[in-house]
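The block underneath contains the structure these notes are about, expressed in structure tokens.
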Amino acid sequence: MRALFSLTALVGAFLLFLVEPMFARMVLPLLGGTPAVWNTCLVFYQLALLAGYLYAHVAGARPARQQVLLQIVLMVAAFVALPITVHGGAPPASANPIGWVLALLVVSLGLPFVVLATTGPLLQRWYASLGPDAARTVYSLFAASNVGSFVGLFSYPFVVEPLLRVRDQSFAWTAGYAVYVLLMFACGAAVWRTNPTAMHDRPAPEPVTPAPARRTTKQAVPVAAEDADEADLWTMRLRWLGLAAIPSTLLMSVTTFISTDVASMPLLWVVPLALYLLTFVLAFAERRLVSMRVIGWLFPAAVVLTVALVMAPPEFPFTLIALHLTCFFVIALACHTVLADSRPSAAALTEFYLWLSAGGAVGGLFNALVAPLVFVNPFEYPLAALSACLLLPNALGIGSTVRSRAREVLSFALAAVPVLLLFVLVPMVQQYDKQLPDSPFVRFVIIFGPPCLFAFALQRRPLRMGIALATLVVAGTFVRFDNRVPIHLERSFFGLHRVMFTGQERVLLSGTTNHGAQSIRPEFKCEPLTYYSREGPIGQLMEQVQTEGTKKRFGVIGLGTASMAAYARPGEEWTYFEINPVIERIARDPEYFTYLRDCGPQSRVVIGDARLKLVEQPDAAFDVMVLDAFSSDAIPVHLITREALELYLRKLAPGGIIAVHISNRYLDLAPMLGSTARAEGLASVVQTNVPAEYARKVSLEISPSRWVLLARSGTDLAPLVQTGLWSTLDDVQGPVWTDDYSNVLGVFRR
């Protein structure tokens, strides 16, 4: 029986966590590939998990045979929604389509997901009802389900996505669901045969709680749910809620951080979620694998490092992502270990799981829905880490009693020292700025190193440490490490948008990625900067096209600051396609950028996903198409697939050229584009440009860039190739991406 129930729990969790990145991958193209798609999906998954656990808790109070019959009806009914596909129309042209995404998930995936979500608590309740021996080992099924979760998560980016098309993935998942239903039938038959009474009619077994680690300070020992009075029960329930919510919101914050700086893709969703699950495995293991003493040492360091990383300059290296993940892992492990130490006996396990899932949903809703409305800066990330200081002091054994009021006042006064240190260190750095290395990292360490170390010294007073770090976060928003001053900050579903002023230019940043800049000097108001300079690849193309004088219709996918408008001439038609209304508003605001007003007043901006809006355009509508859309630091995958190229070719006039901007810190997209272009019979060339000399000459912000040009015939590109600046992609080997198949992992730079 234990093997059967464990296998069923494993298969159910495998399918549950396999479908999470799979369906998010299906939805991603509809919203421009933004990282917020995954966070919104996570909110739905947490709410659906809560619904499944609530059902298991309510149904668990009924006679066992009724539970089995109800579960059979639900499992069979879920086949109506299979195989899984996206049901729904086009997303709204809105800056916040979260409601549309959630409705899409409910319609397309709701019932199968809720059915699978019931598996863990329901199976454990069924298994515990088979006898006292089973009740004592019931949490072993939780370990089996976590193994299934890990396998399901890592299978998608490393096995399923590289090998199967999206349609084949859906059919394979449906076959797996059928196997799961058969296993649940077998478990239900075992429960039916034994015909046990409802669990609440049985004597409650002893709590299955690991012995707490040896400690040197006084630590509160959790009380079993069945031994507590009503007040203690509600205190315990709220504690469960909070301890589950903190890791949940941290999970979303870390995932957003990674996806924003690299690319929104299943691999980068899976790693934080896998670490999140690993903390459950370690915390709920029958034998304690990480002692409470070790966690007590690591937890303060993880909180301080998290705050420091949030305040750090955005130009820090990619390798610091590992440090973000490590800190997240330690804090989540601390919370889940305390949860595990307070878990009740098998008789109350469905209520425990219900509160645990409710905490996860609360954390997800706060991060995805509340925080973007409340905070302009992403303060929810450090706030979640600091909240753990309020819940964990006694449980981690790092608190102590303050015996006198005077000592307590002094202890709280020490929390103000880190901010006071800033008032000393910031002027000092400004005074000796020219003697310091030209590195934001050096300035950051000098300014924030001592305050963070002092906050860490308060680790035996976690509440004081949390207060010190919280004030440090607020004060840190006013500290600059370079010459960029924020003049506008705004959050939307598509990310954090900042307009920075350098003294010479205004720069638009989405996350940490530069999306264009404009000089404030009147003589340079129509001078394209950053990746769009006249000496760069796109400038060479525009000079050639406008010299010929035969191409007058331009389509640009991605607006940014509208830098391309600097090339607009009278008599030309320019159409921009932009998915985010916030970006259009910023580009049209003369307080920030004036390319549209001063250089291309005849330009038209179409709001919505480019592929969906291009379908509405007449065929052969453009002579030149510029693909310059970026989500995170990369082009959204659905805009560079074979089907996307087919659409662009229908909208491209004979002799037309497609320019694709592929500048990227982490992905090498040129081989993939070359192979995909060859599959469509197109000629392709690439240029990587580092305009150091030109940037010095004009004293403006000119960035290195990489562009690919596509055309139906090599003769259309011949004048540019003859300059010797472009290289052909005809012999470069790479994957061919389609709407059904893409493998971002395969194009990571070595």
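Points to keep in mind about this one:
- Test: residue in segment 349-371 that is surrounded by 22 or more Cβ atoms within 10 Å (Cβ to Cβ), farther than 24 Å from Phe44 by Cβ, outside the structural domain of Pro462 (by TED's automatic domain parsing) and hydrophobic (A, V, I, L, M, F, W, C): yes
- Any hit, segment 84-92, residues being under 17 Å from Gly152 (Cβ atoms), at pLDDT 85 or above, under 29 Å from the mean Cα position of the chain (by Cα) and not hydroxyl-bearing (Ser, Thr, Tyr): yes
- Residues in segment 322-333 that are small (Gly, Ala, Ser) and within 11 Å of Leu250 (Cβ to Cβ): Ala332 only.
- Taking the criterion of being modelled with pLDDT under 75 and of a type in the set (Phe, Trp, Tyr), the only residue of segment 375-422 that qualifies is Phe412.
- Verdict on Leu541 being buried (at least 17 other Cβ atoms within 10 Å of the Cβ) and within 30 Å of Val374 (Cα to Cα): no
- Checking Val310, Val330 one by one, the residue that is over 30 Å from Ala61 (Cα atoms) and modelled with pLDDT of 85 or more is Val330 and no other.
- Neighbours by Cβ (under 8 Å, 6+ apart or cross-chain): first from segment 518-544, at pLDDT 90 or above; second of a type in the set (Ser, Thr, Tyr) and surrounded by fewer than 16 Cβ atoms within 10 Å (Cβ to Cβ): Gln540/Thr723
- Residue within segment 138-158 that is without any contact (Cβ under 8 Å) to a residue 12 or more places away in the chain and not polar (S, T, N, Q) present: no
- Restricting His336, His324 to those that are within 18 Å of the chain's Cα centre (by Cα) and modelled with pLDDT of 80 or more reduces the list to His324.
- Selection within segment 446-482 - without any contact (Cβ under 8 Å) to a residue 12 or more places away in the chain and more than 22 Å from Gln430 (Cα to Cα): Ala457
One line per residue, one yes/no per condition, for (1) modelled with pLDDT of 85 or more; (2) in a helix (DSSP H, G or I):
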site	(1), (2)
Ala3	yes, yes
Leu7	yes, yes
Val11	yes, yes
Ala24	no, yes
Leu42	no, yes
Leu54	yes, yes
Arg62	no, no
Leu69	yes, yes
Ala95	no, no
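- Scanning segment 476-511 for residues that are in a loop (DSSP other than H, G, I, E, B) and hydrophobic (A, V, I, L, M, F, W, C) returns Phe478, Val479, Phe481, Phe493, Phe494.
- Residue in segment 278-292 that is surrounded by fewer than 22 Cβ atoms within 10 Å (Cβ to Cβ), among the basic types (Lys, Arg), modelled with pLDDT under 80 and out of contact with any Gly (no Cβ under 6 Å at 6 or more places or on another chain) present: yes
- Residues (more than 28 Å from Asp341 (Cβ to Cβ), surrounded by fewer than 16 Cβ atoms within 10 Å (Cβ to Cβ) and over 22 Å from the mean Cα position of the chain (by Cα)) located in segment 127-171: Leu163, Arg165, Arg167, Asp168, Phe171
- Some residue of segment 453-473 being farther than 30 Å from Arg665 by Cβ, in contact with a Lys or Arg (Cβ under 7 Å, 6 or more places away or on another chain) and not charged (D, E, K, R): yes
- Per-region count, segment 460-475, residues touching a Ser or Thr at 6+ places or on another chain (Cβ under 7 Å) and either part of a strand (DSSP E or B) or buried (at least 18 other Cβ atoms within 10 Å of the Cβ) (or both): 2
- Residue in segment 535-554 that is closer than 14 Å to Asp628 by Cα and outside any helix (DSSP H, G or I) present: yes
- Of the residues making up segment 516-524, none is touching a Phe, Trp or Tyr at 6+ places or on another chain (Cβ under 7 Å) and at positive phi.
- Members of segment 597-613 found to be on the phi < 0 side of the Ramachandran plot and in contact (Cβ under 8 Å) with a residue 40 or more places away in the chain, listed by number: Asp598, Cys599, Ser603, Val605, Ile607, Asp609, Ala610, Arg611, Leu612
- Selection within segment 489-509: residues that are among the small types (Gly, Ala, Ser) and surrounded by fewer than 21 Cβ atoms within 10 Å (Cβ to Cβ). The member of this set that is farthest from the chain's Cα centre (by Cα) is Gly503.
- Lone unmet requirement of (1) in contact (Cβ under 8 Å) with a residue 60 or more places away in the chain; (2) touching a Leu at 6+ places or on another chain (Cβ under 9 Å) for Leu729: (1)
The values are calculated or read from the model by the stated rules, or taken from the named source; none is laboratory data. Fair warning: this is a prediction, and the values are worked out from it, not measured in the lab. All Cβ positions, even for glycine, are placed from backbone atoms using ideal geometry, and neighbour counts span all protein chains on display.
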